[in-house]
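To keep things clear, I will list the structure first and then write my remarks on it.
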Amino acid sequence: MYLINRRQFLFLSTGTAIAALTQCSHNTNSVSSIQPANLTALTTSSNGLLETALEARPGLIRLGQQQGNLLTYNGQIPGPRLEAKPGDTVKIHFTNKLSQATNLHYHGLHIPQTGNADNIFLSVPPGETQTYEFTLPKNHPSGTFYYHPHLHELVAEQVFGGLGGIFIVRGELDDIPEIRAAREEFLFLKDFALDANGQIPAPGHMELMRGREGAILTVNGQVNPTFTIPSGGLLRFRIVNASTSRFYRLSLEDHPFYLIATDGGSIAKPVELRELLLSPGERAEVLVQGKRPPGRYRLLSLPYDRGGGMGMMGGGMMGGMGMMGSSAPISNQPDLIATLTYKDAIATPLPLPEKLIPVETLPQPSKTRRIELSMLMGMGNGMVMQMAFLFNNKTFDMNRVDATVKLGTIEDWELVNVDPDGMEHSFHLHTNPFQVISRNGKPDPYQAWEDTLRIRANETVQIRIPFRDFTGKTVYHCHVLDHEDLGMMGIVAVEA
Ligand SMILES: [Cu+2]
């Protein structure tokens with residue numbers, strides 16, 4: 001197989017019929033029941049224990065005007081919202097009723113990466129069960145987290161099929177009086193593609209390269225749901241980008257966002273934002289003030305070019321390539337996500353909190369690593385295009401450790417997107433959240449805990465990671481999940 005870079009590939013591919021590298025099969029043959037998307041399902045812990053059953057299975061789900069043969073947890077999209085407190089034990093009796101293997105990852109939680117905890121090397125074959133069990137550390141930050149399947153080479157397909165749910169850790173942030181007074185809503189953002197028969201179309205080659213997206217945008221499984229705010233009131237949105245590849249550039253008409261939490265929990269004080277950009281796997285919490293005249297205000301996702309030259313080519317090239325499926329064209333228009341309306345009024349307007357929870361300043365690192373992000377295209381047997389997404393010029397190898405780290409140390413990782421005209425990636429590290437130190441040499445504007453991070457073409461982002469509490473192997477990867485499945489993942493081993 002010979003290898004070419006992306007620019008050569010794009011030139012070549014405009015005049016060449018491309019066979020798809022991967023034909024995805026969807027597990028929707030045995031649809032069990034018709035169930036509406038569920039907004040309210042909730043499982044909370046009591047007496048220090050969250051114990052629940054979770055079943056991955058196909059289901060017929062209504063998405064706006066269409067019914068889709070999708071993949072569900074317990075027959076619903078999103079899966080049940082799980083809520084626990086720091087110190088709680090979590091026990092999940094998981095059953096796989098899909099036609100292929102799967103597993104569970106607890107995205108953003110600081111829990112063991114081994115045994116039957118957040119161990120993404122476990123595989124649960126069809127028809128099998130697995131009990132996941134872990135205890136949240138007593139000092140675990142409160143925040144908005146995310147569970148989803150994480151079996152290498154099947155992650156994009158299963159997440160795009162609908163699998164995923166919210167995991168809330170309730171604690172300190174929720175006890176701040178102004179936040180307690182706010183109305184809490186959840187925005188689980190997920191895009192879908194369906195053909196006329198309600199099936200998810202198999203992705204074409206370019207969709208795999210770019211990362212598959214769909215034109216049906218949902219919040220909690222609903223198309224354009226309405227949220228209400230009282231005049232003078234406060235709304236707290238807990239937002240999860242649960243899409244496979246789609247970036248959201250959120251903006252609420254006439255209302256600023258007040259950012260209060262990032263991936264890993266609270267920031268030190270609210271930050272006013274006009275827009276909120278979330279890459280796949282990222283979460284944020286914002287407050288909205290009900291200070292405008294009563295009316296309808298649209299929550300939009302503004303156009304966003306995530307690079308790779310695809311933005312410039314637009315739908316023309318995509319269409320001209322005879323793509324399979326019905327992926328979303330690259331839009332120059334804002335997408336409608338949800339609607340905010342005013343209902344009722346509060347006599348004394350609720351104030352914003354002035355202070356939240358201080359974020360610790362990390363000591364200097366004992367080691368610095370450089371990780372380059374890139375991709376390769378090549379022509380394999382039978383002139384079938386192949387592609388790989390790489391960290392330090394290597395694709396994922398289950399039997400190779402890419403970084404050995406000593407438990408209790410702090411490292412700086414320099415993440416460099418070396419494709420000069422490449423795509424933006426979404427870097428995610430399991431188990432240990434990090435802080436962004438600088439982006440292209442510029443210090444990060446505020447301290448925050450992150451676990452998922454955008455890295456544009458040509459950017460260098462320096463992050464600082466404390467490796468605490470847990471030994472064993474886990475992974476870092478691109479959360480544009482097609483890129484992860486195509487090799488953009490590495491293993492980090494934490495040793496005592
Ligand atoms: Cu990527």
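The values are calculated or read from the model by the stated rules, or taken from the named source; none is laboratory data. All figures in this text were calculated on a predicted structure; none of them were measured in a lab. Please note: Cβ atoms are built from the backbone with ideal geometry, for glycine as well, and neighbour counts cover all protein chains shown. Side chains included, ligands, DNA and RNA excluded: accessible areas come from the protein's heavy atoms. Shrake-Rupley method; radii C 1.70, N 1.55, O 1.52, S 1.80 Å.
See the values below:
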item	result
Which of 218, 337, 131, positive extreme of dipole for the chain (C-beta unit charges)	337
Gyration tensor verdict on region 371-496 (Cα atoms; rounded if a/c is under 1.5, prolate if a/b is larger than b/c, oblate otherwise)	oblate
Rg ratio (alpha-carbon, reference 2.2 N^0.38 Å) - region 91-228	1.22
Region 48-112: relative contact order in percent, alpha carbon pairs under 8 Å with at least 6 residues between	40
Where chymotrypsin sites (Phe, Trp or Tyr not before Pro) fall in DSSP loop in region 214-291, at most 13 other Cβ within 10 Å	none
Isotropic mean projected area of the C-alpha convex hull, region 162-225 (nm²)	6.5
Exposed-site-free run, longest, the chain (rule: GluC sites (Glu not before Pro); DSSP loop; at most 10 other C-beta within 10 Å)	1-353
Inverse mean reciprocal Cα-Cα distance (Kirkwood Rh) of the chain, Å	23.0
At most 13 other Cβ within 10 Å, DSSP loop - trypsin sites (Lys or Arg not before Pro), region 240-283	274
Listed residue (381, 286, 405) projecting farthest to the positive dipole end of the chain, Cβ model	286
Accessible area of the chain belonging to carbon and sulfur atoms, whole % at 1.4 Å probe	50
Those residues of region 431-456 whose amide nitrogen sits under 16 Å from the label point placed on residue 305, 7 Å along Cα→Cβ	456
Rounded to the nearest 20 debye, dipole of region 164-255 from Cβ charges on Lys, Arg, Asp, Glu	180
For the chain, calculated [θ]222 nm from helices alone, where every DSSP H run of n ≥ 4 adds -39500 (n - 2.57)	-2000 deg cm²/dmol
log10 of Debye I(q)/I(0), alpha-carbon scatterers only, for region 71-166 at 0.12, 0.17 Å⁻¹	-0.35, -0.72
Shape of region 106-154, Cα gyration tensor, a/c cut at 1.5	prolate
Bins of 10 Å, starting at 0 and running to the largest distance - Cα pair percent for region 423-462	30, 57, 13
Computed over region 49-111, the ratio Rg/Rh where both radii use C-alpha atoms and Rh is Kirkwood	1.03
The chain, accessible area per residue, ligands and nucleic acids excluded (1.4 Å, Å²)	38
Size of charge dipole - the chain - debye, nearest 20, with Cβ of Lys, Arg +1 and Asp, Glu -1, no other charges	460
Fully extended contour minus Cα-Cα distance, from residue 100 to residue 292, at 0.36 nm per residue	64.1 nm
Stokes-Einstein D in µm²/s, Kirkwood radius over Cα pairs - region 449-496 at 37 °C with 0.692 mPa s viscosity	259
Listed residues 493, 77, 92: farthest to the positive end of the dipole of the chain (Cβ charges)	77
Simple label model, 7 Å out from Cα along Cβ direction - residue 42 to residue 394, nm	4.6
Estimated distance in nm for a label pair at residue 469 and residue 381, the labels positioned 7 Å out from Cα along Cα-to-Cβ	4.7
Under-5 Å amide H pairs with residue 407, H placed in peptide plane, nonlocal only	495, 496
Dipole magnitude of region 46-176, debye to nearest 20 (Cβ charges: Lys/Arg +1, Asp/Glu -1, about Cα centre)	260
Three-way shape call for region 332-402 based on the alpha-carbon gyration tensor, with the a/c threshold at 1.5	oblate
